[in-house]
């Protein structure tokens, strides 16, 4: 519990979060708010590492309903 409360509001540095938007731990439910990549998997296009086409990036706070998060203590 101490660790969860200690992480409340903590922002991950860009080199750790590796997201377009800032990843952070939300107060209240301690969830990591990170970007959600929306897209479609596809077959091999000549590059074995290229298996997914991203069509949209949704910020974590838009993907995770804040009304479902318990109130901060």
Task: Qualifying position, being within 14 Å of the chain's Cα centre (by Cα) and surrounded by 12 or more Cβ atoms within 10 Å (Cβ to Cβ), among 65, 35 - done: 35
TODO: Could you give me the residue pairs with C-beta distances under 9 Å whose first residue belongs to the stretch 42-62 and is under 13 Å from residue 19 (Cβ atoms), whose second residue is at pLDDT 90 or above and loosely packed, with under 10 Cβ neighbours inside 10 Å wherever it lies, and which are 6+ apart or on separate chains?
DONE: 54/40
Task: Residues within the stretch 37-67 that are under 14 Å from residue 27 (Cβ atoms) and modelled with pLDDT under 85, tallied - done: 1
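The values are calculated or read from the model by the stated rules, or taken from the named source; none is laboratory data. Just so it is clear, the structure is predicted and the values come from calculations on it, not from any experiment. Quick reminder, even Gly has a Cβ in these numbers, built from the backbone with ideal geometry, and neighbours come from all protein chains shown.
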